[in-house]
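Okay, structure first, notes after.
The values are calculated or read from the model by the stated rules, or taken from the named source; none is laboratory data. All figures in this text were calculated on a predicted structure; none of them were measured in a lab. Note that each Cβ is placed from the backbone with ideal geometry, even for glycine, and that neighbours are counted across all protein chains shown. Side chains included, ligands, DNA and RNA excluded: accessible areas come from the protein's heavy atoms. Shrake-Rupley method; radii C 1.70, N 1.55, O 1.52, S 1.80 Å.
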Amino acid sequence: DTAVSQTPKYLVTQMGNDKSIKCEQNLGHDTMYWYKQDSKKFLKIMFSYNNKELIINETVPNRFSPKSPDKAHLNLHINSLELGDSAVYFCASSQVGTGRGSPLHFGNGTRLTVT
Amino acid sequence: GNSVTQMEGPVTLSEEAFLTINCTYTATGYPSLFWYVQYPGEGLQLLLKATKADDKGSNKGFEATYRKETTSFHLEKGSVQVSDSAVYFCALIYGGATNKLIFGTGTLLAVQP
């Protein structure tokens with residue numbers, strides 16, 4: 001019973017291609033996130049959706065487009081992939097409004113390699 | 001702005017040694033503080049948390065106390081094991097509608113038998 005699951009786990013593709021990563025959570029949370037972890041393990045937030053509404057949109061190239069069909073799913077589509085997009089992408093979810101600083105629950109990550 | 005600073009690694013210890021990983025934060029208001037752990041090849045797991053000053057979070061032998069006066073949340077464990085080898089991230093959420101989690105740079109812990 002994986003709480004936050006993302007697919008695929010590994011994604012190897014060539015520059016210029018378009019790819020998607022899918023994320024689903026079964027925790028009943030109302031907020032979902034995408035984080036990027038670079039080669040030095042640094043984690044930076046990219047996007048966040050609350051009840052299908054975009055609430056965080058950090059400085060991310062517009063080649064990256066999140067889509068949330070419902071509050072249990074948040075997908076990430078990347079157009080025209082570049083070498084610098086190689087990283088591990090983590091999906092997460094939380095229940096905002098249950099108190100101060102609800103912790104985020106993370107998926108196991110998708111390792112994207114652009115060649 | 002809001003940020004988290006943690007000690008650079010790697011931290012290399014022998015089994016049963018005492019562990020401290022320092023973490024300090026800068027935030028407006030009163031954030032909630034967290035430690036996450038990332039084992040090799042895995043995702044991030046919540047290790048412990050504290051939501052207000054003087055709270056102590058604890059889990060699996062790890063502890064951290066929310067110190068408002070020193071804006072710190074240092075992670076400690078009395079006796080580390082080889083299985084504790086991982087990257088440890090200090091993080092904060094400063095609340096509001098976004099519940100945005102901000103991470104420190106991570107500290108790699110390597111425990112040798």
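Quick notes on this structure:
- Restricting B:Thr98, B:Thr51, B:Thr5, B:Thr28 to residues that are open to solvent by 70 Å² or more (accessible area, probe 1.4 Å), at pLDDT below 95 and among the hydroxyl-bearing types (Ser, Thr, Tyr) narrows the list to B:Thr28.
To keep it simple, each residue is scored yes or no on (1) more than 18 Å from B:Thr107 (Cα to Cα); (2) of a type outside the set (Ser, Thr, Tyr).
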| residue | (1), (2) |
| --- | --- |
| B:Phe18 | no, yes |
| B:Tyr30 | yes, no |
| B:Tyr39 | no, no |
| B:Glu63 | no, yes |
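- When we screen B:Ser32, B:Ser14 for residues that are more than 14 Å from the chain's Cα centre (by Cα) and among the hydroxyl-bearing types (Ser, Thr, Tyr), the only hit is B:Ser14.
- Residue pairs meeting the criteria (Cβ under 9 Å; at least 6 apart or on separate chains; first at positive phi and within 12 Å of chain B (Cβ to nearest Cβ), in the stretch A:15-44; second part of a loop (DSSP other than H, G, I, E, B) and open to solvent by 60 Å² or more (accessible area, probe 1.4 Å)): A:Lys41/B:Thr105
- Counting the residues of the stretch A:92-110 that are facing chain B (nearest Cβ under 7 Å), at pLDDT 90 or above and either in contact with a helix residue (DSSP H, G or I) (Cβ under 6 Å, 6 or more places away or on another chain) or surrounded by 21 or more Cβ atoms within 10 Å (Cβ to Cβ) (or both) gives 5.
- Taking the stretch B:36-113 as the region of interest, the strands (runs of 3 or more DSSP E) fully inside it that hold 1 or more residues being among the hydroxyl-bearing types (Ser, Thr, Tyr) and more than 14 Å from every other protein chain (Cβ to nearest Cβ) are B:56-59, B:62-65.
- Summed over the stretch A:66-86, residues that are under 16 Å from A:Thr110 (Cβ atoms), assigned to a strand (DSSP E or B) and out of contact with any Leu (no Cβ under 6 Å at 6 or more places or on another chain) total 7.
- Test for A:Thr59: is it crowded, with 16+ Cβ neighbours inside 10 Å and out of contact with any Cys (no Cβ under 7 Å at 6 or more places or on another chain): no
- Boolean, A:Asn26 is within 27 Å of B:Ser3 (Cβ to Cβ) and surrounded by fewer than 16 Cβ atoms within 10 Å (Cβ to Cβ): no
- The single condition among (1) on the phi > 0 side of the Ramachandran plot; (2) at the interface with chain A (Cβ under 10 Å from one of its Cβ atoms) that B:Glu16 does not meet is (2).
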